Structures are given as structure tokens and as C-alpha cells.
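Trainee: Below you'll find the structure I mean.
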Amino acid sequence: MDVEELLERYAAGERDFRAVDLSLSDLTGANLSGIDLSSDSDLSNIDFTNANLSRANLSRSMVMCTIFECADLSYANLSGSDLTECIFNDANLVGVNFSGSEMFTAVLSGANLSGANLSNVGLNVADLVGANLTDADLSGASLNSANITDANLTGVKNANISGAIIYTTTTSPDGSVVRSRQICE
């Protein structure tokens, strides 16, 4: 299926697109709220920048190297998906279900993950700089070498940040800036 057919069928009211191959597509700014792209869909290398995927179902799909920059995925289901190397900079991820997903080296800088379910998620080497994780569930999540500098961890449930990295910045009297790396124990 190509992008044009998907958008036409979606506009006609269809929402079930399970097991579809949309890899290497450009869906920048698309409104796909409530779409079902689950069950082994290939959504890798897609550009979803500024797209609306709120309440979408992308569970159990391959979504590697996909861009979700500034996208709205609020209350979407991405459980059990491979989200390796995905970019979620400044995305709305409020209430998203990521449980059991792999997010190795994912970039979530500035993303709003309030109330997200990140249980049993592999966030190893992920970039969570400035992310809002307020009230997120991190039960069983792995954050080894993940950068959580300036992340909001208020109310986070069952977080084990052992192995995560926090950078601190210090300005010396001569005006030079020194960054130091701290690994959480």
C-alpha cells in the first residue's frame, strides 16, 4: 500500500490498516488519529514530523529509525514495538503505552511522557534530556547509559535509574563552561 491509498482510505473512514508496509514513507503533518497500524506493520524509516497519531495503535510493529518529531501520539499504543533509533524530540507522548518495547538509542529530548507506561522498556543509551516523565511507570525499564539530564522525574513509579547518565554544567570564574558526567548508582 502506498501513502496516497492509505490517506484516501483513512479520509473515507477506514481505520484498520494492520500488517501494512509503509516503510520509507513521508507522512509529515498527516492526521491519522485513531488509526490501527498494529500487528507486524513495517513503519520503519517514516517521517511522522508534526503528525497526529493520538490514540493510534502501533503495537507489535517494526518502527525502527522513524521520526516523530513534534508529533502528537497522546494515548497511543506502541507496546511490544521495536522503536530502536526513533526520534521523538518535543513529541506529545502523554499516556502512551510503550510497555515491552525496545527503544535502544531512541531520542526523546523535550518529549512529554507524563503518565506514560514505560514498564519493561529497553531505554538503553536513549536520550531523555529535558523529557517530562511526571507520573510515568518505569517498572522493569532499563536505563543503562540513558541520558536523563534535566528530565522531570516527579512521581515516577518504580524507577531504577541505575546506570543512567546525568550531565552537570558548571561555569568557572573565568567564564569557561565545564560539563561533568555522573553515572547513577
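The values are calculated or read from the model by the stated rules, or taken from the named source; none is laboratory data. The structure displayed is predicted, hence computed values, not measured ones. Ideal geometry is used to build each Cβ from the backbone, glycine not excepted, and the neighbour counts take in all protein chains shown. The accessibility values were calculated without ligands, DNA or RNA, using every heavy atom of the protein model including side chains. Shrake-Rupley method; radii C 1.70, N 1.55, O 1.52, S 1.80 Å.
Trainee: Using a Debye calculation, one point per C-alpha and no hydration shell, please list log10 I(q)/I(0) for the chain at q = 0.19 Å⁻¹ in order.
Mentor: -1.18
Trainee: Same structure, new question: Name the long-range amide H neighbours of Asn152: under 5 Å, sequence gap of 5 or more, or other chain; modelled H, no Pro or chain starts.
Mentor: Ala131, Asn132, Leu133
Trainee: Okay, moving on. Could you run the Karplus curve 6.51 cos²θ - 1.76 cosθ + 1.60 with θ = phi - 60° over segment 139-148 and give me ³J(HN,Hα) per residue in whole Hz, x for Gly and Pro?
Mentor: 4, x, 6, 10, 10, 4, 6, 7, 8, 10
Trainee: Could you give the nm distance between label points at Tyr167 and Ser23, where each point is 7 Å from its Cα heading toward the beta carbon?
Mentor: Result: 3.3 nm between the two label points.
Trainee: Compute the distance in nm between two label points, each set 7 Å from the Cα along the Cα-to-Cβ direction, one at Met1 and one at Arg55.
Mentor: It is 1.9 nm.
Trainee: Between Cys184 and Asn158, what is the label-point separation in nm under the 7 Å Cα-to-beta-carbon projection?
Mentor: In this crude label model, Asn158 to Cys184 measures out at 1.6 nm.
Trainee: Sticking with this one: Express the carbon and sulfur contribution to the solvent-accessible surface of segment 1-156 as a percent, rounded to the nearest whole number, probe 1.4 angstrom. All intermediate terms of the calculation are to be shown ahead of the outcome.
Mentor: Values: 2660 of 6060 Å².
Answer for segment 1-156: carbon and sulfur cover 44 percent of the accessible area.
Trainee: Please list 3J(HN,Hα) in residue order for segment 64-69, calculated via the Karplus relation 6.51 cos²θ - 1.76 cosθ + 1.60 where θ = phi - 60°; whole Hz, with x for glycine and proline.
Mentor: Each residue's phi maps through the Karplus curve to give 4, 6, 9, 9, 10, 4 Hz.
Trainee: Grab the beta carbon distance between Arg15 and Thr105, set R0 = 41 Å, and tell me the FRET efficiency rounded to 0.05. Don't skip to the answer; put the middle values down first.
Mentor: Numbers: r = 31 Å, r/R0 = 0.76.
Given R0 = 41 Å and the Cβ-Cβ separation, E is 0.85.
Trainee: Per residue of segment 97-103, what does 6.51 cos²θ - 1.76 cosθ + 1.60 with θ = phi - 60° give for ³J(HN,Hα)? Whole Hz please, x for Gly and Pro, Karplus curve as stated.
Mentor: Whole-Hz 3J(HN,Hα) from phi for segment 97-103: 9, 9, 3, x, 8, 9, 10.
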